[in-house]
1. Between residues in the stretch 84-99 that are of a type in the set (A, V, I, L, M) and residues that are open to solvent by less than 100 Å² (accessible area, probe 1.4 Å), which pairs lie under 6 Å by C-beta distance while being six or more apart or on different chains?
2. Scan the stretch 49-64 for residues that are in contact with a helix residue (DSSP H, G or I) (Cβ under 7 Å, 6 or more places away or on another chain) and open to solvent by 40 Å² or more (accessible area, probe 1.4 Å) and report the count.
3. Tell me whether the stretch 16-24 contains one or more residues that are of a type in the set (A, V, I, L, M, F, W, C) and modelled with pLDDT under 95.
4. Take the residues in the stretch 52-71 that are within 13 Å of the chain's Cα centre (by Cα) and β-branched (Val, Ile, Thr); name whichever of them is nearest to GLU21 (Cα to Cα).
5. Restricting to the stretch 52-72, and then to whatever is outside any helix (DSSP H, G or I) and free of Cβ contacts under 8 Å to residues at least 12 places away in the same chain, can you tell me which residue is nearest to GLY15 (Cα to Cα)?
6. What pairs come out if I take residues in the stretch 14-38 that are aromatic (Phe, Trp, Tyr) and pair them with residues that are buried (at least 17 other Cβ atoms within 10 Å of the Cβ) and assigned to a helix (DSSP H, G or I) whose C-beta lies under 7 Å away, six or more apart or interchain?
7. In the stretch 29-51, which residues are in a helix (DSSP H, G or I) and under 13 Å from SER19 (Cβ atoms)?
8. Among what's in the stretch 17-32 and is more than 14 Å from ASN49 (Cα to Cα) and hydrophobic (A, V, I, L, M, F, W, C), pick the residue that is surrounded by the fewest Cβ atoms within 10 Å (Cβ to Cβ).
Amino acid sequence: MRAARRMTRKPTGPGEILSEEFLRPLGMTQQRLAAHLGCDVKVVNRIVNGRTSVTAEMALKLAATFRTSPEMWLNAQKAVDLHEALGHLRRLPKPLLAAG
């Protein structure tokens with residue numbers, strides 16, 4: 001967990017990736033993506049703005065839509081989640097078992 005303690009910059013989240021790497025270059029609106037995914041535009045907007053997490057189901061849909069892997073979307077989400085959780089903890093518990 002030492003590497004996580006040194007992380008100071010917030011990782012790039014799936015919403016920023018979606019917006020900057022896919023929607024903008026493709027000239028695609030959030031409304032069009034939502035219609036394609038079969039979800040409300042509010043869901044896409046919340047993901048883009050980092051107000052909601054990418055679920056496994058959404059990761060599968062995004063991966064199929066943009067020919068990526070669901071792991072890419074979930075790993076980006078996991079990195080943000082861990083960064084935020086670490087920011088809320090004052091300290092991590094000491095290891096229960098000795099290294100050896």
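The values are calculated or read from the model by the stated rules, or taken from the named source; none is laboratory data. Computed from a predicted structure; not experimentally measured. Reconstructed Cβ throughout: ideal geometry from the backbone, glycine too, with neighbour counts over all protein chains shown. With ligands, DNA and RNA removed, areas are computed over all heavy atoms of the protein, side chains included. Shrake-Rupley method; radii C 1.70, N 1.55, O 1.52, S 1.80 Å.
1. Partner pairs satisfying both residue conditions: LEU86/ALA4.
2. The qualifying residues number 7.
3. no
4. VAL54
5. Here the answer is THR52.
6. PHE22/PHE66
7. Correct list: GLN30, LEU33, VAL44, ASN45, ARG46, ILE47, VAL48.
8. This residue is LEU26.
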